[in-house]
Amino acid sequence: MHRITPHQPHPLFNTAATRRLEKAAAAALPPHTLMQRAGLAVAQLAQALAPHARTVWIACGPGNNGGDGLEAAMHLQRSGRKVIVTWLGQPDTAPADARASWQRARDAGVAWADAAPNDLDANDLCIDALLGIGVASSPHSPPRTPDARLLTCLQALHHSPAPVLAVDLPSGLDADTGQFAAGLTPDTPPHLHHRAPTPRHTLSLLTLKPGLFTATGRDAAGHVWLDDLGVEPGHEPPNAWLSGPALPAPRAHASHKGSYGDVAVVGGEGLAARGMGMAGAALLAASAALHSGAGRVLVTLLDDGHLQLDPQQPELMLRRFDALALEQLTMVCGCGGGQAIAHVLPEVISRAARLVLDADALNTIATQAALHALVVARGQHGQPTVITPHPLEAARLLGLTTAEVQADRLDAAQQLADQFNCVAVLKGSGTVIAAPDRVPAINPTGNARLATAGTGDVLAGMVGAHLAAGASAWRAASEAVYQHGQAADVWPAGLALTASALARRVGG
Ligand SMILES: NC(=O)C1=CN([C@@H]2O[C@H](COP(=O)(O)OP(=O)(O)OC[C@H]3O[C@@H](n4cnc5c(N)ncnc54)[C@H](OP(=O)(O)O)[C@@H]3O)[C@@H](O)[C@H]2O)[C@@H](O)CC1
Ligand SMILES: [K+]
């Protein structure tokens, strides 16, 4: 068993793959072995997380997730804990493994209760073994009305003053998408309670599931642990990867500014056009490219030449669009581009050597099939392209609603990559990186402090710098996203995270 950190990559397996692995392992082992291993692992982690807990309340659902909880209850009771179990199953209808563990918990003498004890406090521990990978949450299946006792237990867990250890998954969370099944969404997400958040842990069993790391999964799961139950994935291919850090790319001593490439940022509609000055977005992207190691950074503002120099960043070289040698440049296009970006997009997409498309460039492409076709053609000609939409921009590109994109972020990112024939970065909690014919990746770094204006422009500039330095589109996107999140993760607690400060720090 080990805690999952962003320091190394991890393979992720969805429900179907996990079920195949479970079936193969169960067939090769004596009956009940996997649940015994699962329950023991849960009990061991519970002891380690809450060694002084007075009471351990274990909420057990009717399926095998509940069986894991019953098995853990037996171990914790035997080790002298005060264990109180709420079991929503029935001996005559429970799956065989869960029934066997219920019998073992009974024999160990655990206490049974219909609901959560009402005197739990921060020194106690709750174990959430209500639902695991058995949750059916397909938008195509008819909505179901969950059992009232199940909902009461879920609410007690969501509002618990005691730390919560979830078995396999936070109950109700879809292992594949990181979204809660209909009717099982917490009324207030645990991290938004108006009190210090209670620690949350999830012990994923057998495999790590993608849903723990994207959409609402990250907030719901808290600290993620893995126990593989002694089962190797063998030939089962992962459905996604949790990214790890980049290997440092050493800089040769005998290098010069030309060795790390020229990045040109095009965007920043001027105030005169529609009364909205958006030069800041382009300058943020340019600053991020500069601090991420680009050799030279050129900036083309779509503001009729009002700004000739950024006195705060004199390294940035302002250029008219017609003075850019597009075929030699890594272009970052769209940040604050407004409507003005439409005039330059056809040329940028057709001619740029390497290209990052963000913000208003994406909004414009979403409305013009000819531009979409030009992006696709870049891939056919081997010209690297990265698109960096947030969920609303992704929805426009795919002709979906934002909710549909968020309902399955891995799938949406893959659709973007396939339809636009490029590397797609779907931003948000658990940013997804996808490319045609490649297993997608979920980024493990970053936090809610990035939810402030301009951080997306910073990311686009960073991707540009990595591309200009010679990284492939995939590598440039993965490394930039990782480092962008990591900068937020190590941000000093008392210091405001602004986009311009972030841009200055991203180089480490
Ligand atoms: N994988 C492994 O290798 C191992 C797996 N193990 C463990 O088994 C777990 C999987 O067990 P599982 O298959 O019994 O499913 P589980 O999560 O208990 O849920 C089933 C219950 O949920 C209910 N239900 C479903 N959807 C619902 C909804 N929307 N709203 C409300 N209710 C809903 C469903 O109701 P039903 O559809 O039957 O009416 C049924 O009662 C797995 O996560 C891990 O903990 C380990 O023991 C060993 C190794
Ligand atoms: K659970």
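Which residue is farthest from ligand 1 (Cβ to nearest atom), if the candidates are limited to region 142-176 and must be in contact with a helix residue (DSSP H, G or I) (Cβ under 8 Å, 6 or more places away or on another chain) and closer than 15 Å to Asp121 by Cα? Out of the qualifying residues, it is Pro163.
It is to be established whether one or more residues within region 299-306 are part of a helix (DSSP H, G or I), of a type in the set (D, E, K, R) and in the same structural domain as Ala468 (by TED's automatic domain parsing).
no
Of all residues in region 433-441, one or more are free of Cβ contacts under 8 Å to residues at least 60 places away in the same chain, assigned to a strand (DSSP E or B) and under 17 Å from the mean Cα position of the chain (by Cα). Checked against (1) modelled with pLDDT of 95 or more; (2) more than 14 Å from Ala59 (Cα to Cα); (3) away from ligand 2 (no atom under 14 Å from the Cβ); (4) not polar (S, T, N, Q), Arg144 passes all but a single condition, namely (1). Among the residues of region 123-137, those identified as modelled with pLDDT of 95 or more and small (Gly, Ala, Ser) are Ala129, Gly132, Gly134. Of all the listed residues (Ala115, Ala105), the sole one being among the small types (Gly, Ala, Ser) and either buried (at least 16 other Cβ atoms within 10 Å of the Cβ) or within 14 Å of ligand 1 (Cβ to nearest atom) (or both) is Ala105. Screening Val344, Val332, Val231 for residues that are open to solvent by less than 30 Å² (accessible area, probe 1.4 Å), in a loop (DSSP other than H, G, I, E, B) and modelled with pLDDT of 95 or more leaves exactly one candidate, Val231. For region 347-383, the set of residues classified as among the small types (Gly, Ala, Ser) and in a helix (DSSP H, G or I) consists of Ser350, Ala359, Ala361, Ala366, Ala369, Ala370, Ala373, Ala377, Gly379, listed by residue number.
Conditions (1) within 12 Å of ligand 1 (Cβ to nearest atom); (2) touching a Cys at 6+ places or on another chain (Cβ under 9 Å); (3) farther than 25 Å from Ala73 by Cβ, marked per residue:
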site: Met1; (1), (2), (3): no, no, no
site: Pro9; (1), (2), (3): no, no, yes
site: Phe13; (1), (2), (3): yes, no, yes
site: Thr18; (1), (2), (3): yes, no, no
site: Lys23; (1), (2), (3): yes, no, yes
site: Leu45; (1), (2), (3): no, no, no
site: Ala50; (1), (2), (3): no, no, no
site: Gly61; (1), (2), (3): yes, yes, no
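Can Val458 be described as within 24 Å of Ala220 (Cβ to Cβ), touching a Leu at 6+ places or on another chain (Cβ under 7 Å), at pLDDT 95 or above and surrounded by 24 or more Cβ atoms within 10 Å (Cβ to Cβ)? No: the conditions fail for Val458. Within region 122-135, residues that are of a type in the set (S, T, N, Q) reach no partner that is within 9 Å of ligand 2 (Cβ to nearest atom) and open to solvent by less than 10 Å² (accessible area, probe 1.4 Å) with beta carbons closer than 6 Å at six or more positions or on different chains.
Within region 22-33, the residues that satisfy the criterion of being more than 16 Å from ligand 2 (Cβ to nearest atom) and surrounded by 14 or more Cβ atoms within 10 Å (Cβ to Cβ) are Ala24, Ala25, Ala26, Leu29, His32, Thr33. Taking the criterion of being more than 16 Å from ligand 1 (Cβ to nearest atom) and open to solvent by 30 Å² or more (accessible area, probe 1.4 Å), the residues of region 118-136 that qualify are Asn118, Asp119, Asp121, Ala122, Asn123. Among the residues of region 384-410, the ones that are aliphatic (A, V, I, L, M), part of a helix (DSSP H, G or I) and either touching a helix residue (DSSP H, G or I) at 6+ places or on another chain (Cβ under 8 Å) or under 23 Å from Gly268 (Cβ atoms) (or both) come to 7 in all.
Among the residues of region 144-172, those that are within 24 Å of the chain's Cα centre (by Cα), hydrophobic (A, V, I, L, M, F, W, C) and not in a helix (DSSP H, G or I) comprise Val164, Leu165, Ala166, Val167, Leu169.
The values are calculated or read from the model by the stated rules, or taken from the named source; none is laboratory data. Just so we're clear, the structure is a prediction, and the values are computed from it rather than from any experiment. Every residue, glycine as well, gets a Cβ built from its backbone with ideal geometry; the counts of neighbours run over all protein chains shown. Please note that ligands, DNA and RNA were not included when accessible areas were found on the heavy atoms of the full protein model with its side chains. Shrake-Rupley method; radii C 1.70, N 1.55, O 1.52, S 1.80 Å.
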